[in-house]
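Here's the structure, in structure tokens; my notes come after.
The values are calculated or read from the model by the stated rules, or taken from the named source; none is laboratory data. All figures in this text were calculated on a predicted structure; none of them were measured in a lab. All Cβ positions, glycine included, derive from the backbone under ideal geometry; neighbour counts span all protein chains shown. The protein model used for the area step is the full one, side chains on, heavy atoms only, and it has no ligands, DNA or RNA in it. Shrake-Rupley method; radii C 1.70, N 1.55, O 1.52, S 1.80 Å.
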Amino acid sequence: MRSLGTCLATLAGLLLTAAGETFSGGCLFDEPYSTCGYSQAEDDDFNWEQVNTLTKPTSDPWMPSGSFMLVNTSGRPEGQRTHLLLPQLKENDTHCIDFHYFVSSKSNAAPGILNVYVKVNNGPLGNPIWNISGDPTRTWNRAELAISTFWPNFYQVIFEVITSGHQGYLAIDEVKVLGHPCTRTPHFLRIQNVEVNAGQFATFQCSAIGRTVAGDRLWLQGIDGRDAPLKEIKVTSSRRFIASFNVVNTTKRDAGKYRCMIRTEGGVGISNYAELVVKEPPVPIAPPQLASVGATYLWIQLNANSINGDGPIVAREVEYCTASGSWNDRQPVDSTSYKIGHLDPDTEYEISVLLTRPGEGGTGSPGPALRTRTKCADPMRGPRKLEVVEVKSRQITIRWEPFGYNVTRCHSYNLTVHYCYQVGGQEQVREEVSWDTDNSHPQHTITNLSPYTNVSVKLILMNPEGRKESQELIVQTDEDLPGAVPTESIQGSTFEEKIFLQWREPIQTYGVITLYEITYKAVSSFDPEIDLSNQSGRVSKLGNETHFLFFGLYPGTTSSFPIRASTA
């Protein structure tokens, strides 16, 4: 048998003001429960009943005796809910809420679930802080709530029953606010707000006065249903410990209010709500802008005033890499513009801006990339080791040391073969583009040259920014067949039995004339009786002799004298 129960004693203007003082009277359940500030939720499936078996006895052995608030689940389907709301409490010192509860059932099956909620500052109901759903004991049991929410904040305790579909009774009695700490449940000290950057661990440190044992359950309860498990407990003294909780890999969805919870054999301890603030690392909305460009540098404007994410911005960095992804670098920046130096000429780069806000993990992802290319640079040097690999009378083939980007300093370049030579006393200047630049043994053949001519050859490496020349190479083409002896230069002086013949060397000697070959032959005579068959022959003269005297000829005979010059 229970004694006369009391309802919650703290009404408007009635506060817990002194440690150890107990407000246990002032509202008997034989009076309407509304007179002590209790109320029923308006949208429930049914209501709690106020029962006093002292004034209205019952013969039901499964119902408790005394005055109390009761839920009779008989005839009710599973899942129906009813709520009993206590007055709002504004406490300014350590206190303990103490209550008794009773569960019975004819079938020994749980008639329902008894939940206790603590709603702070008229906020969301949240998750239950305490519940009982086991087998019915048919006895009164005591539980205590160590609630660490203090003025100017206020809170409200709500008792909820959810029916199971089984017949039975659930009751509460003697709800008291005690002006001293709970005896079997620790009290939490005030926990602080935590601010982290998205993706980081948010650690809540919950200090508590009291003892914790192995069977206790500690957790971090979010106001919207997200809970975090215990990370570790550090016992600092015989009456004090610190529990740590991690909200891992935080996102914006994890932001909100959290409180520390401990469920002991005697009840539950609840801290104040602390705010988890999750900041999104800042990311620029637009790519950087190109201000100027050189062969080895790029001037950019960061263009990072508009961002996605949260500020304030405490650091800026420029990340850049080759478009091919062969390497990348990151540099801190302390102004709105930045010169990226020591770059490779004629190379495409991707440039992004990274922004950082305070705290670990405060650096956001790279913003949109600017894709741009450096200018070409003046070639490092001209081609080297120019040499002749083949010489003919009318062409020469040259070879040079291969070179690459480190010499050209530009991916777009020309290699020109520049050569000149004398023809007929006039200088001829020619240029040809060599396309054999990627070969491991590059070479080029110059054709349509004059035989036995000195040719001056050099290579010119050019890109849009400059040119570099190789050393000049002079080579002489081989000799070739000489040209004809000029007909107009052949002169003959005739005598009765001889002819003196002289001539000049060919206009195009194409080498050194080493020999003249003169063929003579009598073709007609004034004397038809003369046998001309023996009036022919061939003579040779050295290259430096351009005359010859033919004698022993028949008078009145006409002869032909073909002259042919020879070189080596």
Residues of segment 445-471 being open to solvent by less than 30 Å² (accessible area, probe 1.4 Å), in a strand (DSSP E or B) and under 30 Å from Val512 (Cβ atoms), in sequence order, are Ile446, Val455, Ser456, Val457
Result of the Cβ filter at 8 Å on segment 111-134, keeping first residues that are free of Cβ contacts under 8 Å to residues at least 60 places away in the same chain and partners that are of a type in the set (Lys, Arg) and open to solvent by 20 Å² or more (accessible area, probe 1.4 Å), at least 6 apart or interchain, is Leu125/Lys119
Can you name every residue in segment 386-400 that is among the hydroxyl-bearing types (Ser, Thr, Tyr) and outside any strand (DSSP E or B)? Ser393
How about segment 371-385: which of its residues are open to solvent by 30 Å² or more (accessible area, probe 1.4 Å) and either of a type in the set (A, V, I, L, M, F, W, C) or assigned to a strand (DSSP E or B) (or both)? Arg371, Arg373, Met380
Residue hits (segment 85-102; assigned to a loop (DSSP other than H, G, I, E, B) and either crowded, with 22+ Cβ neighbours inside 10 Å or hydrophobic (A, V, I, L, M, F, W, C) (or both)) are His95
Provide a single number: the residues in segment 332-370 that are polar (S, T, N, Q), free of Cβ contacts under 8 Å to residues at least 60 places away in the same chain and open to solvent by 60 Å² or more (accessible area, probe 1.4 Å). 1
Residue check, Phe403 against (1) farther than 30 Å from Gly341 by Cβ; (2) in a loop (DSSP other than H, G, I, E, B); (3) hydrophobic (A, V, I, L, M, F, W, C), all met but one. Which one? (1)
Can you pull out every residue in segment 47-65 that is more than 16 Å from Val103 (Cβ to Cβ), open to solvent by 20 Å² or more (accessible area, probe 1.4 Å) and part of a loop (DSSP other than H, G, I, E, B)? Asn47, Leu54, Thr55, Lys56, Pro57, Thr58, Ser59
Go through (1) assigned to a loop (DSSP other than H, G, I, E, B); (2) over 27 Å from His342 (Cβ atoms) and name the single condition His411 misses. (2)
Take Ser470 and decide whether it is in contact (Cβ under 8 Å) with a residue 60 or more places away in the chain and among the hydroxyl-bearing types (Ser, Thr, Tyr). yes
State whether the residues of segment 157-164 include one that is of a type outside the set (Gly, Ala, Ser), surrounded by 14 or more Cβ atoms within 10 Å (Cβ to Cβ) and assigned to a loop (DSSP other than H, G, I, E, B). no
Is it true that some residue in segment 66-76 is open to solvent by less than 70 Å² (accessible area, probe 1.4 Å), β-branched (Val, Ile, Thr) and either modelled with pLDDT of 90 or more or within 23 Å of Arg142 (Cα to Cα) (or both)? yes
Residue check, Arg211 against (1) open to solvent by less than 60 Å² (accessible area, probe 1.4 Å); (2) not in a strand (DSSP E or B), all met but one. Which one? (1)
Do you know which residues across segment 417-442 are open to solvent by 70 Å² or more (accessible area, probe 1.4 Å) and within 20 Å of Val391 (Cβ to Cβ)? Gln422, Arg430, His441
Modelled with pLDDT under 90 and aliphatic (A, V, I, L, M), is that true of Leu532? yes
Checking the condition charged (D, E, K, R) and farther than 30 Å from Ile396 by Cα, which residue from Glu469, Glu505, Glu479, Glu517 passes? Glu517
Taking the stated definitions as given, is Tyr405 within 17 Å of Gln443 (Cα to Cα), hydroxyl-bearing (Ser, Thr, Tyr) and in the same structural domain as Thr445 (by the TED database)? no
